[in-house]
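The structure appears below as structure tokens.
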Amino acid sequence: MDFMWFPNQMRVRRLRFICQPFQIHRRIRKCWSMDTIQAALRRTRKEEVRMHEEHRMHEEQTFLWPIVAVLMVVILFCSVMLVRGTGEKRRQISVIVSDSSAERWVPLKAGLTQAAKDNDIDLSYVYTDYLDDVYKQTALINQEIADGADGIITDFCLSRGTAELVRNIISRVPVEFIINNVDADADISGNYATVMTNNYEVGRAIGNELVIDYGDQLQEVRIGIVAGNQQQYAMQDRLRGFLDAVKAEAPDIVWTVEESRFLEQDIRRSMERTAADVIIGLDNTSLEAAVDYLAEVDTEHTPERMLYGAGCSEKLAYYIDNGTIASMILPNEFSIGYQSLTDLSAKLENRMLTLEDREQGFNVVHQENLFRDENQRILFPIVQ
């Protein structure tokens, strides 16, 4: 028995000896695993907190970016609206002048049409009869504004006492006055300006042509003046310029008539009372009326160098060519039309822009230089 026990006892001890390292290792492994797990849990919690914070910040940024973007778009839109207007439709500019279908407006209308094409403007050239009532003219302007005009180009038939009328118009739309200047209050918004020739210099140029042709003999010449619409500052300036140019020669000015609906009859009556040797027409209407008068009388006894003045119609070009008109001042009305509409278009594109007065030139035309290119381009304009 003792023999049998011993091996068994030895085997048990030996088994314990063999298993003991595994038990120790299991206990060590158990302790190591708990510490590791706890540390891992702590790290996991920290990572979860960090990720949650990052997610919260991302959500806030995601929420704020659309708001910032919308605000930037609104600011940009407001800036564009302030500078350029809405841009929702093509701009419309209306033009109102007296007797709008008259041939004398052909160069002006060509300039307006060319500028409208170049600036993508809807041009409304309003049909009118003879206008001698500024309130009727203002009513036409108001109607155009009511019908959607964004800007106005006009030749007022009256200059003095128009400040209130002008103020009422420019408070709604910008205005370019052409050919003639008017009374108007100072306008810090730059909503109106004038585009025209230097009318005093036009008058002087007419007088200078007369002095060149007659010289010292001018004091013996009887002069009749068709003075245009003397309710306009432009025509007053032309008359003053003419008188200043000839006063040194002291010609005999036998009569002066102003523009009216019965201008040809007024010229005829004046000539019947006191015949003039030379007739001066200060604008296109005046010079054409003088031409029409001469066409009705006995032209066989009409002296040479009888007509001088200013104008721009094809009809007057014909009478220069045949020698009836000795000399004519030709305002560049093509440029007046083109410049006025171009400036007004720029104003409509940029509300902060200030309209500025512009002065356009003129040519002196007579039989010898009538067909020069610079004169032909004004008298017979071609819209490109």
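Readers should treat all values here as calculations from the given coordinates under stated rules, not as data from a laboratory. Every value quoted in this text rests on a predicted model; they were computed, and no experiment measured them. Cβ atoms come from the backbone with ideal geometry, glycine included; neighbour counts cover every protein chain shown.
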Taking every C-alpha to C-alpha distance in the range 326-384 and binning by 10 Å from 0, the per-bin percentages run 20, 40, 25, 13, 3
Spelling it out for Val95: with amide H atoms placed in the peptide plane at 1.01 Å from N, the residues 5 or more places away or on another chain with amide H under 5 Å from its amide H are Ser124, Tyr125, Val126, Ile153
Toy charge model, Lys and Arg Cβ at +1, Asp and Glu Cβ at -1: the range 155-266 dipole around Cα centroid in debye, rounded to 20, equals 340 debye
Along the range 335-344, Karplus-curve 3J(HN,Hα) (6.51, -1.76, 1.60; θ = phi - 60°) to the nearest Hz, with x for Gly and Pro, reads 5, 4, x, 5, 5, 5, 6, 4, 5, 5
Both in Å, the radius of gyration and Dmax of the C-alpha trace of the range 111-180 are 12.4, 36
The ³J(HN,Hα) series, computed from each phi in the range 170-177 with the Karplus coefficients 6.51, -1.76 and 1.60 at θ = phi - 60°, rounded to the nearest Hz and given as x for glycine or proline, is 6, 6, 10, 9, x, 9, 10, 8
With T = 25 °C, eta = 0.890 mPa s and Kirkwood Rh from C-alpha pairs, the Stokes-Einstein D of the range 200-332 in µm²/s is about 170 µm²/s
Quick shape summary for the range 283-384, equivalent ellipsoid via Cα gyration tensor, semi-axes whole Å in descending order, reads 35, 14, 10
The long-range amide H neighbours of Val221, using H built 1.01 Å from N in the peptide plane and a cut-off of under 5 Å, are Asp252
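Computed FRET efficiency, Cβ-Cβ of Asp252 and Tyr127, R0 51 Å: what is it to the nearest 0.05? Could you put the intermediate results ahead of the total?
Numbers: r = 43 Å, r/R0 = 0.83.
Given R0 = 51 Å and the Cβ-Cβ separation, E is 0.75.
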Cβ density ranking, 10 Å radius, fewest first, applied to Trp255, Trp105 yields Trp255, Trp105
Per the charge dipole of the range 200-332 (beta-carbon charges, Lys/Arg positive, Asp/Glu negative, Cα centre), the residue among Phe242, Leu307, Ala295 reaching farthest to the positive end is Phe242
Note, the range 146-160: 3J(HN,Hα) by Karplus (6.51, -1.76, 1.60, θ = phi - 60°), whole Hz, Gly/Pro = x, goes 4, 7, x, 5, 8, x, 10, 10, 8, 10, 4, 7, 9, 10, 6
Listing Val291, Val175 by rising number of other beta-carbon atoms within 10 angstrom, fewest first, gives Val291, Val175
So, relative contact order of the range 200-332 in percent, Cα under 8 Å, 6 or more apart, is 27 percent
Summing +1 per Lys or Arg and -1 per Asp or Glu among the other residues with Cβ less than 12 Å from Ala116's Cβ gives +1
